[in-house]
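**Q** Provided herewith is a single structure, encoded as C-alpha coordinates, for subsequent inquiry.
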Amino acid sequence: MTDWGARAAGILAKLAELSQPGPGVTRLPFTPEHRAAIDLLRSWTEAAGLTVTLDDAGTLVARLEGPAGAGTFLMGSHQDSVCQGGAYDGIMGVVLPLLALEKLKSEGAKLPFAVEVLAFADEEGVRFPTALVGSRALASSYDPQVLDMHDAKGMTLRAAMTDFGLNPDAIGALARDPGEVIGFLETHIEQGPVLEQENEPVGIVSAICGIERHQITIIGQTGHAGTLPMEGRRDALVTAAAIVTELNRVATSTPNLRATVGELTVEPNVVNAVPRAIRLRAELRSPCDDTRKAAGDGLHRLARQLAQEHGVQIDCTRTYSQAAQPCSPELLKGLREAVSQSSGRCVTLPSGATHDASAMADLCPIAMLFVRSRDGISHKPEEFTTPQDMSTAITVLARFLKIVHPHQTVGSNK
Ligand code: HGY
Ligand code: MN
Ligand code: MN
(Lines give C-alpha, C1' and ligand atoms only; values in the text may rest on other atoms or scores of the structure.)
(Ligands and ions follow the chains in the order given, each with its own letter.)
Protein backbone atom coordinates (compact mmCIF):
# COMPACT_ATOMS: atom_id res chain seq x y z
CA MET A 1 0.00 0.00 0.00
CA THR A 2 1.66 3.25 -1.14
CA ASP A 3 1.97 6.00 1.45
CA TRP A 4 1.11 8.82 -0.93
CA GLY A 5 1.68 11.51 1.69
CA ALA A 6 5.18 10.23 2.39
CA ARG A 7 5.85 10.13 -1.38
CA ALA A 8 4.76 13.77 -1.62
CA ALA A 9 6.92 14.79 1.34
CA GLY A 10 9.97 13.10 -0.21
CA ILE A 11 9.54 14.78 -3.60
CA LEU A 12 8.86 18.19 -2.03
CA ALA A 13 11.99 17.85 0.11
CA LYS A 14 14.05 17.24 -3.05
CA LEU A 15 12.41 20.18 -4.83
CA ALA A 16 13.06 22.41 -1.79
CA GLU A 17 16.80 21.83 -2.26
CA LEU A 18 16.53 23.48 -5.71
CA SER A 19 16.91 26.91 -4.17
CA GLN A 20 19.37 29.76 -3.87
CA PRO A 21 21.53 29.39 -0.73
CA GLY A 22 20.06 30.67 2.53
CA PRO A 23 17.14 29.90 4.85
CA GLY A 24 14.00 28.42 3.34
CA VAL A 25 13.35 28.19 -0.40
CA THR A 26 14.27 30.89 -2.91
CA ARG A 27 13.38 29.68 -6.41
CA LEU A 28 12.63 32.56 -8.74
CA PRO A 29 11.46 32.21 -12.35
CA PHE A 30 13.88 31.67 -15.25
CA THR A 31 16.82 30.88 -12.99
CA PRO A 32 19.10 27.84 -12.61
CA GLU A 33 16.91 26.76 -9.67
CA HIS A 34 13.81 26.91 -11.89
CA ARG A 35 15.62 24.87 -14.57
CA ALA A 36 16.59 22.23 -11.98
CA ALA A 37 12.98 21.99 -10.77
CA ILE A 38 11.76 21.52 -14.33
CA ASP A 39 14.33 18.76 -14.91
CA LEU A 40 13.38 16.94 -11.71
CA LEU A 41 9.64 17.17 -12.41
CA ARG A 42 10.16 16.14 -16.03
CA SER A 43 12.16 13.01 -15.15
CA TRP A 44 9.59 11.95 -12.58
CA THR A 45 6.47 12.61 -14.66
CA GLU A 46 7.84 11.00 -17.84
CA ALA A 47 8.62 7.90 -15.76
CA ALA A 48 4.95 7.97 -14.69
CA GLY A 49 3.88 7.82 -18.33
CA LEU A 50 2.87 11.43 -18.94
CA THR A 51 4.09 13.47 -21.91
CA VAL A 52 5.96 16.55 -20.72
CA THR A 53 6.54 19.81 -22.58
CA LEU A 54 7.76 23.28 -21.60
CA ASP A 55 5.72 26.06 -23.17
CA ASP A 56 7.13 29.45 -24.16
CA ALA A 57 5.89 31.09 -20.95
CA GLY A 58 8.05 28.64 -18.98
CA THR A 59 5.10 26.50 -17.86
CA LEU A 60 5.86 22.79 -17.54
CA VAL A 61 2.90 20.86 -19.00
CA ALA A 62 2.57 17.19 -17.96
CA ARG A 63 -0.24 15.61 -20.02
CA LEU A 64 -2.11 12.35 -19.52
CA GLU A 65 -3.83 11.69 -22.81
CA GLY A 66 -7.57 10.99 -22.89
CA PRO A 67 -10.17 9.95 -25.46
CA ALA A 68 -10.17 12.13 -28.60
CA GLY A 69 -12.50 15.13 -28.33
CA ALA A 70 -13.31 14.57 -24.65
CA GLY A 71 -11.61 17.78 -23.51
CA THR A 72 -8.90 18.37 -20.93
CA PHE A 73 -9.08 18.98 -17.20
CA LEU A 74 -6.30 21.28 -16.01
CA MET A 75 -4.62 21.13 -12.59
CA GLY A 76 -1.43 22.53 -11.11
CA SER A 77 -0.01 25.65 -9.48
CA HIS A 78 3.22 27.71 -9.51
CA GLN A 79 6.79 26.45 -9.14
CA ASP A 80 8.27 29.73 -7.95
CA SER A 81 8.65 30.81 -4.33
CA VAL A 82 9.11 34.09 -2.54
CA CYS A 83 12.61 34.83 -1.20
CA GLN A 84 13.39 32.56 1.78
CA GLY A 85 9.91 31.12 1.51
CA GLY A 86 8.50 27.71 2.24
CA ALA A 87 8.65 24.30 0.55
CA TYR A 88 4.89 23.97 -0.09
CA ASP A 89 3.49 27.26 -1.45
CA GLY A 90 2.78 26.63 -5.14
CA ILE A 91 4.90 23.56 -5.81
CA MET A 92 2.77 21.29 -3.58
CA GLY A 93 -0.08 22.08 -5.97
CA VAL A 94 2.01 20.55 -8.79
CA VAL A 95 3.15 17.45 -6.88
CA LEU A 96 -0.17 16.38 -5.33
CA PRO A 97 -2.19 16.16 -8.58
CA LEU A 98 0.68 14.27 -10.24
CA LEU A 99 0.55 11.75 -7.40
CA ALA A 100 -3.26 11.60 -7.67
CA LEU A 101 -2.83 10.58 -11.32
CA GLU A 102 -0.31 7.93 -10.25
CA LYS A 103 -2.79 6.70 -7.63
CA LEU A 104 -5.56 6.43 -10.23
CA LYS A 105 -3.21 4.56 -12.57
CA SER A 106 -2.27 2.15 -9.75
CA GLU A 107 -6.00 1.47 -9.26
CA GLY A 108 -6.46 0.84 -12.98
CA ALA A 109 -8.85 3.80 -13.22
CA LYS A 110 -9.30 5.33 -16.69
CA LEU A 111 -10.53 8.93 -16.98
CA PRO A 112 -12.98 9.98 -19.71
CA PHE A 113 -10.92 13.07 -20.54
CA ALA A 114 -7.29 14.18 -20.73
CA VAL A 115 -5.59 15.76 -17.72
CA GLU A 116 -2.75 18.28 -17.70
CA VAL A 117 -0.79 19.21 -14.60
CA LEU A 118 0.80 22.65 -15.02
CA ALA A 119 3.80 24.10 -13.19
CA PHE A 120 3.60 27.85 -13.85
CA ALA A 121 6.91 29.73 -13.81
CA ASP A 122 5.95 32.90 -11.95
CA GLU A 123 2.99 33.59 -9.67
CA GLU A 124 4.65 35.51 -6.87
CA GLY A 125 5.84 38.45 -8.96
CA VAL A 126 8.95 38.66 -6.74
CA ARG A 127 11.64 38.88 -9.45
CA PHE A 128 9.69 41.02 -11.93
CA PRO A 129 6.94 43.59 -11.13
CA THR A 130 4.41 41.40 -12.87
CA ALA A 131 3.05 37.88 -12.38
CA LEU A 132 0.80 35.15 -13.72
CA VAL A 133 2.35 35.31 -17.21
CA GLY A 134 1.90 31.55 -17.71
CA SER A 135 -1.72 31.31 -16.59
CA ARG A 136 -2.65 34.56 -18.33
CA ALA A 137 -1.11 33.21 -21.55
CA LEU A 138 -3.43 30.19 -21.46
CA ALA A 139 -6.41 32.41 -20.57
CA SER A 140 -5.70 34.97 -23.36
CA SER A 141 -5.30 37.80 -20.82
CA TYR A 142 -1.52 38.10 -21.22
CA ASP A 143 -0.11 41.59 -21.94
CA PRO A 144 3.12 41.50 -24.03
CA GLN A 145 4.16 44.84 -22.52
CA VAL A 146 5.23 43.00 -19.37
CA LEU A 147 8.20 41.63 -21.35
CA ASP A 148 9.86 45.05 -21.04
CA MET A 149 9.68 45.02 -17.22
CA HIS A 150 13.01 44.37 -15.54
CA ASP A 151 14.31 42.80 -12.37
CA ALA A 152 16.49 44.42 -9.69
CA LYS A 153 19.59 43.74 -11.83
CA GLY A 154 18.09 45.50 -14.85
CA MET A 155 17.42 42.31 -16.85
CA THR A 156 14.15 42.45 -18.78
CA LEU A 157 11.63 39.64 -18.56
CA ARG A 158 12.13 39.15 -22.32
CA ALA A 159 15.91 38.66 -21.91
CA ALA A 160 15.47 36.32 -18.93
CA MET A 161 12.99 34.16 -20.85
CA THR A 162 15.15 34.13 -23.99
CA ASP A 163 18.21 33.14 -21.98
CA PHE A 164 16.06 30.38 -20.48
CA GLY A 165 15.57 28.98 -23.98
CA LEU A 166 12.03 30.28 -24.50
CA ASN A 167 10.54 32.33 -27.34
CA PRO A 168 8.67 35.19 -25.58
CA ASP A 169 7.16 36.35 -28.87
CA ALA A 170 5.29 33.03 -29.10
CA ILE A 171 3.54 33.41 -25.71
CA GLY A 172 0.45 34.93 -27.31
CA ALA A 173 -0.07 31.71 -29.28
CA LEU A 174 -0.43 29.66 -26.07
CA ALA A 175 -4.04 30.73 -25.56
CA ARG A 176 -6.25 27.66 -25.04
CA ASP A 177 -9.61 27.00 -26.69
CA PRO A 178 -12.21 27.40 -23.86
CA GLY A 179 -14.35 24.80 -25.59
CA GLU A 180 -11.62 22.23 -25.03
CA VAL A 181 -11.01 22.95 -21.35
CA ILE A 182 -13.32 21.36 -18.78
CA GLY A 183 -11.99 23.31 -15.81
CA PHE A 184 -8.99 24.13 -13.64
CA LEU A 185 -8.43 22.92 -10.08
CA GLU A 186 -5.58 24.41 -8.04
CA THR A 187 -4.42 22.68 -4.88
CA HIS A 188 -2.63 25.02 -2.46
CA ILE A 189 -1.62 25.35 1.17
CA GLU A 190 -4.17 27.49 3.00
CA GLN A 191 -1.56 30.00 4.22
CA GLY A 192 -3.94 30.84 7.07
CA PRO A 193 -5.28 29.42 10.36
CA VAL A 194 -8.85 28.35 9.48
CA LEU A 195 -8.37 24.62 8.69
CA GLU A 196 -6.22 24.21 11.79
CA GLN A 197 -8.91 25.90 13.91
CA GLU A 198 -11.56 23.67 12.29
CA ASN A 199 -9.27 20.64 12.72
CA GLU A 200 -9.78 19.69 9.06
CA PRO A 201 -6.99 18.50 6.69
CA VAL A 202 -8.50 20.09 3.57
CA GLY A 203 -10.95 22.84 2.72
CA ILE A 204 -12.80 24.15 -0.31
CA VAL A 205 -12.27 27.70 -1.58
CA SER A 206 -15.46 29.68 -2.23
CA ALA A 207 -13.82 32.67 -3.94
CA ILE A 208 -10.39 34.17 -4.49
CA CYS A 209 -10.13 37.67 -3.11
CA GLY A 210 -9.78 40.64 -5.39
CA ILE A 211 -6.72 42.79 -4.87
CA GLU A 212 -5.67 46.35 -5.65
CA ARG A 213 -2.49 48.27 -5.00
CA HIS A 214 -1.97 52.02 -4.57
CA GLN A 215 1.18 54.11 -4.69
CA ILE A 216 1.08 57.29 -2.60
CA THR A 217 3.81 59.91 -2.84
CA ILE A 218 3.95 62.68 -0.21
CA ILE A 219 6.19 65.74 -0.60
CA GLY A 220 6.71 67.96 2.46
CA GLN A 221 9.72 69.99 3.51
CA THR A 222 12.89 68.86 5.20
CA GLY A 223 14.88 70.85 7.73
CA HIS A 224 17.16 70.57 10.72
CA ALA A 225 15.51 68.31 13.31
CA GLY A 226 16.83 70.50 16.12
CA THR A 227 16.33 74.01 14.84
CA LEU A 228 13.15 73.80 12.77
CA PRO A 229 10.22 74.76 15.09
CA MET A 230 7.43 72.15 15.40
CA GLU A 231 4.93 74.86 14.48
CA GLY A 232 4.46 74.90 10.70
CA ARG A 233 6.54 71.82 9.92
CA ARG A 234 5.61 69.92 6.76
CA ASP A 235 6.82 66.50 7.82
CA ALA A 236 5.88 63.97 5.08
CA LEU A 237 6.24 61.04 7.48
CA VAL A 238 3.63 62.50 9.86
CA THR A 239 1.12 62.54 7.00
CA ALA A 240 2.09 59.00 5.99
CA ALA A 241 1.70 57.77 9.57
CA ALA A 242 -1.80 59.27 9.74
CA ILE A 243 -2.73 57.50 6.48
CA VAL A 244 -1.39 54.13 7.68
CA THR A 245 -3.19 54.41 11.04
CA GLU A 246 -6.53 55.45 9.51
CA LEU A 247 -6.33 52.80 6.75
CA ASN A 248 -5.74 50.13 9.39
CA ARG A 249 -8.72 51.41 11.42
CA VAL A 250 -11.00 51.30 8.36
CA ALA A 251 -9.92 47.76 7.41
CA THR A 252 -10.29 46.52 11.00
CA SER A 253 -13.84 47.86 11.16
CA THR A 254 -14.95 46.79 7.65
CA PRO A 255 -16.06 43.15 7.21
CA ASN A 256 -14.22 41.20 4.48
CA LEU A 257 -11.53 43.86 3.97
CA ARG A 258 -7.78 43.53 4.53
CA ALA A 259 -5.42 46.48 4.06
CA THR A 260 -1.66 46.56 4.36
CA VAL A 261 1.01 49.18 3.79
CA GLY A 262 3.90 46.82 3.08
CA GLU A 263 6.32 49.23 1.49
CA LEU A 264 7.43 52.69 2.65
CA THR A 265 10.52 54.71 1.71
CA VAL A 266 11.63 57.91 3.48
CA GLU A 267 13.81 60.68 2.10
CA PRO A 268 16.32 61.86 3.23
CA ASN A 269 15.89 59.08 5.86
CA VAL A 270 18.37 60.43 8.39
CA VAL A 271 17.71 60.79 12.09
CA ASN A 272 18.39 64.53 12.33
CA ALA A 273 16.44 65.75 9.29
CA VAL A 274 12.68 66.22 8.98
CA PRO A 275 11.36 63.73 6.36
CA ARG A 276 10.86 65.50 3.04
CA ALA A 277 9.37 62.77 0.84
CA ILE A 278 7.56 59.47 1.37
CA ARG A 279 6.63 56.82 -1.12
CA LEU A 280 4.29 54.18 0.24
CA ARG A 281 2.48 51.24 -1.40
CA ALA A 282 -0.81 50.10 0.06
CA GLU A 283 -2.65 46.87 -0.78
CA LEU A 284 -6.38 46.18 -0.32
CA ARG A 285 -7.97 42.72 -0.59
CA SER A 286 -11.58 41.56 -0.38
CA PRO A 287 -13.81 38.79 -1.75
CA CYS A 288 -16.26 41.63 -2.53
CA ASP A 289 -15.13 43.98 -5.31
CA ASP A 290 -17.48 46.82 -4.23
CA THR A 291 -16.02 46.77 -0.71
CA ARG A 292 -12.47 46.84 -2.07
CA LYS A 293 -13.13 49.65 -4.59
CA ALA A 294 -14.94 51.78 -1.99
CA ALA A 295 -11.99 51.37 0.35
CA GLY A 296 -9.61 52.39 -2.43
CA ASP A 297 -11.62 55.51 -3.22
CA GLY A 298 -11.79 56.27 0.51
CA LEU A 299 -8.03 55.96 0.78
CA HIS A 300 -7.52 58.61 -1.91
CA ARG A 301 -10.03 60.97 -0.23
CA LEU A 302 -8.33 60.48 3.14
CA ALA A 303 -4.87 61.10 1.67
CA ARG A 304 -5.94 64.31 -0.05
CA GLN A 305 -7.70 65.59 3.08
CA LEU A 306 -4.65 64.93 5.27
CA ALA A 307 -2.35 66.54 2.70
CA GLN A 308 -4.44 69.70 2.83
CA GLU A 309 -4.42 69.75 6.66
CA HIS A 310 -0.64 69.13 6.80
CA GLY A 311 0.28 71.47 3.97
CA VAL A 312 2.06 68.79 1.94
CA GLN A 313 1.74 67.73 -1.71
CA ILE A 314 0.33 64.28 -2.44
CA ASP A 315 -0.10 61.97 -5.43
CA CYS A 316 -2.25 58.82 -5.22
CA THR A 317 -2.31 56.23 -8.01
CA ARG A 318 -4.12 52.88 -8.17
CA THR A 319 -1.29 50.87 -9.76
CA TYR A 320 -2.91 47.41 -9.97
CA SER A 321 -6.27 45.76 -9.55
CA GLN A 322 -7.58 42.22 -9.96
CA ALA A 323 -11.24 41.29 -9.55
CA ALA A 324 -12.42 38.73 -7.01
CA GLN A 325 -13.00 35.36 -8.63
CA PRO A 326 -15.86 33.16 -7.37
CA CYS A 327 -15.24 29.44 -7.88
CA SER A 328 -17.44 27.37 -10.19
CA PRO A 329 -20.56 26.04 -8.41
CA GLU A 330 -20.41 22.89 -10.55
CA LEU A 331 -16.80 22.13 -9.75
CA LEU A 332 -17.43 22.98 -6.08
CA LYS A 333 -20.21 20.40 -6.00
CA GLY A 334 -17.83 17.72 -7.28
CA LEU A 335 -15.11 18.81 -4.88
CA ARG A 336 -17.57 18.75 -1.97
CA GLU A 337 -18.56 15.20 -2.87
CA ALA A 338 -14.92 14.10 -3.09
CA VAL A 339 -14.05 15.76 0.24
CA SER A 340 -17.04 14.31 2.07
CA GLN A 341 -16.07 10.83 0.78
CA SER A 342 -12.51 11.28 1.99
CA SER A 343 -12.21 13.37 5.08
CA GLY A 344 -15.48 14.46 6.57
CA ARG A 345 -16.78 18.02 6.91
CA CYS A 346 -16.43 20.37 3.97
CA VAL A 347 -15.06 23.59 5.39
CA THR A 348 -15.54 26.32 2.78
CA LEU A 349 -13.52 29.53 2.95
CA PRO A 350 -12.41 32.47 0.78
CA SER A 351 -8.77 32.74 -0.27
CA GLY A 352 -7.11 35.95 0.96
CA ALA A 353 -4.10 35.14 -1.22
CA THR A 354 -4.24 35.39 -5.00
CA HIS A 355 -3.35 32.42 -7.17
CA ASP A 356 -2.95 31.33 -10.79
CA ALA A 357 -6.56 30.18 -10.52
CA SER A 358 -7.50 33.89 -10.44
CA ALA A 359 -6.14 34.21 -13.99
CA MET A 360 -7.42 30.82 -15.18
CA ALA A 361 -10.97 31.98 -14.36
CA ASP A 362 -10.83 33.94 -17.63
CA LEU A 363 -10.44 30.62 -19.49
CA CYS A 364 -12.62 28.10 -17.69
CA PRO A 365 -14.51 27.17 -14.49
CA ILE A 366 -12.11 27.15 -11.53
CA ALA A 367 -11.94 25.49 -8.14
CA MET A 368 -9.36 25.38 -5.35
CA LEU A 369 -8.57 22.79 -2.71
CA PHE A 370 -6.79 24.12 0.39
CA VAL A 371 -4.54 21.91 2.50
CA ARG A 372 -3.98 22.74 6.17
CA SER A 373 -0.86 24.80 6.98
CA ARG A 374 0.73 24.34 10.39
CA ASP A 375 0.12 27.54 12.43
CA GLY A 376 -1.18 29.12 9.23
CA ILE A 377 2.42 29.98 8.37
CA SER A 378 3.47 30.74 4.78
CA HIS A 379 6.10 32.73 2.88
CA LYS A 380 8.54 31.62 5.59
CA PRO A 381 10.94 28.64 5.97
CA GLU A 382 8.68 27.25 8.74
CA GLU A 383 5.83 26.67 6.25
CA PHE A 384 4.65 23.05 6.69
CA THR A 385 1.91 20.61 5.77
CA THR A 386 1.88 17.05 7.18
CA PRO A 387 2.24 13.97 4.96
CA GLN A 388 -1.10 12.79 6.39
CA ASP A 389 -2.89 15.94 5.19
CA MET A 390 -1.20 15.63 1.80
CA SER A 391 -2.31 12.00 1.61
CA THR A 392 -5.90 13.08 2.26
CA ALA A 393 -5.59 15.75 -0.43
CA ILE A 394 -4.27 13.20 -2.95
CA THR A 395 -7.24 10.92 -2.22
CA VAL A 396 -9.64 13.86 -2.64
CA LEU A 397 -8.04 14.84 -5.97
CA ALA A 398 -8.21 11.25 -7.29
CA ARG A 399 -11.87 10.97 -6.26
CA PHE A 400 -12.65 14.40 -7.70
CA LEU A 401 -11.24 13.41 -11.12
CA LYS A 402 -13.54 10.39 -11.13
CA ILE A 403 -16.53 12.65 -10.36
CA VAL A 404 -15.90 15.38 -12.99
CA HIS A 405 -17.71 14.83 -16.29
CA PRO A 406 -16.53 16.06 -19.73
CA HIS A 407 -19.90 17.79 -20.24
CA GLN A 408 -18.67 20.31 -17.66
CA THR A 409 -16.92 22.15 -20.49
CA VAL A 410 -19.88 24.49 -20.36
CA GLY A 411 -20.71 26.44 -17.27
CA SER A 412 -19.07 29.43 -15.71
CA ASN A 413 -17.67 30.58 -12.41
CA LYS A 414 -20.38 33.08 -11.83
O1 HGY B 1 0.29 37.82 -2.81
C2 HGY B 1 -0.33 36.75 -2.90
O3 HGY B 1 -1.50 36.67 -2.54
C4 HGY B 1 0.32 35.53 -3.48
O5 HGY B 1 0.99 34.87 -2.43
N6 HGY B 1 1.24 35.87 -4.53
MN1 MN C 1 2.90 32.80 -2.26
MN1 MN D 1 1.02 30.51 -3.92
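**Q** With respect to ARG279, determine if the residue is part of a strand (DSSP E or B), at negative phi and touching a residue at least 40 places away in the same chain (Cβ under 8 Å).
**A** Yes; evaluated as a whole, the condition is true for this residue.
**Q** Next up: For segment 327-344, indicate whether the set of residues that are assigned to a strand (DSSP E or B) and of a type in the set (A, V, I, L, M) is non-empty.
**A** Scanning segment 327-344, I find no residue that is assigned to a strand (DSSP E or B) and of a type in the set (A, V, I, L, M), so the answer is no.
**Q** Within segment 355-410, how many residues are away from ligand 3 (no atom under 13 Å from the Cβ), in contact (Cβ under 8 Å) with a residue 12 or more places away in the chain and in a helix (DSSP H, G or I)?
**A** Of the residues in segment 355-410, 24 are away from ligand 3 (no atom under 13 Å from the Cβ), in contact (Cβ under 8 Å) with a residue 12 or more places away in the chain and in a helix (DSSP H, G or I).
Okay, residues lined up against (1) modelled with pLDDT of 95 or more; (2) surrounded by fewer than 24 Cβ atoms within 10 Å (Cβ to Cβ):
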| position | (1), (2) |
| --- | --- |
| ILE366 | yes, no |
| PHE370 | yes, no |
| ASP375 | yes, yes |
| LYS380 | yes, yes |
| VAL396 | yes, no |
| PHE400 | yes, no |
| ASN413 | no, yes |
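**Q** Would you check if LEU349 is aliphatic (A, V, I, L, M), more than 16 Å from ligand 3 (Cβ to nearest atom) and either under 27 Å from SER141 (Cβ atoms) or modelled with pLDDT of 95 or more (or both)?
**A** No; evaluated as a whole, the condition is false for this residue.
**Q** Within segment 277-290, is there a residue that is surrounded by fewer than 15 Cβ atoms within 10 Å (Cβ to Cβ) and closer than 23 Å to PRO350 by Cα?
**A** Yes - at least one qualifying residue is present in segment 277-290.
**Q** I'm checking my understanding of the structure. Among residues of segment 1-49 that are among the hydroxyl-bearing types (Ser, Thr, Tyr) and more than 12 Å from GLY86 (Cα to Cα), which one is modelled with the highest pLDDT?
**A** Residue satisfying both the conditions and the ranking: THR31.
**Q** Check LEU363, LEU369 and return the single one that is away from ligand 1 (no atom under 16 Å from the Cβ) and either closer than 30 Å to THR222 by Cβ or touching a Lys or Arg at 6+ places or on another chain (Cβ under 9 Å) (or both).
**A** From the options LEU363, LEU369, the qualifying one is LEU363.
**Q** Find the residue count for segment 257-269, including only residues that are under 19 Å from the mean Cα position of the chain (by Cα) and assigned to a loop (DSSP other than H, G, I, E, B).
**A** 1
**Q** Taking only pairs six or more apart or across chains, which ones have beta-carbon atoms under 6 Å, a first residue in segment 306-324 that is part of a helix (DSSP H, G or I), and a second residue that is polar (S, T, N, Q)?
**A** LEU306/THR239; HIS310/THR239
**Q** Could you say whether any residue in segment 116-124 is open to solvent by 30 Å² or more (accessible area, probe 1.4 Å), assigned to a strand (DSSP E or B) and either away from ligand 3 (no atom under 16 Å from the Cβ) or of a type outside the set (S, T, N, Q) (or both)?
**A** no
**Q** Hey, can you tell me all the residues within segment 141-155 that are touching a Leu at 6+ places or on another chain (Cβ under 9 Å) and either in a helix (DSSP H, G or I) or in contact (Cβ under 8 Å) with a residue 40 or more places away in the chain (or both)?
**A** Those that are touching a Leu at 6+ places or on another chain (Cβ under 9 Å) and either in a helix (DSSP H, G or I) or in contact (Cβ under 8 Å) with a residue 40 or more places away in the chain (or both): SER141, TYR142, VAL146, LEU147, ASP148.
**Q** Among LEU195, LEU166, which is the only one that is away from ligand 2 (no atom under 16 Å from the Cβ) and open to solvent by less than 10 Å² (accessible area, probe 1.4 Å)?
**A** LEU195
**Q** Find the residue count for segment 130-140, including only residues that are within 16 Å of ligand 2 (Cβ to nearest atom) and surrounded by fewer than 21 Cβ atoms within 10 Å (Cβ to Cβ).
**A** Step one: of segment 130-140, the residues within 16 Å of ligand 2 (Cβ to nearest atom) are 130-135.
Now restrict to residues that are surrounded by fewer than 21 Cβ atoms within 10 Å (Cβ to Cβ): 130.
Residues that pass the stated criteria total 1.
The values are calculated or read from the model by the stated rules, or taken from the named source; none is laboratory data. Fair warning: this is a prediction, and the values are worked out from it, not measured in the lab. Quick reminder, even Gly has a Cβ in these numbers, built from the backbone with ideal geometry, and neighbours come from all protein chains shown. The area values use the complete protein model at the heavy-atom level, side chains included, leaving out ligands, DNA and RNA. Shrake-Rupley method; radii C 1.70, N 1.55, O 1.52, S 1.80 Å.
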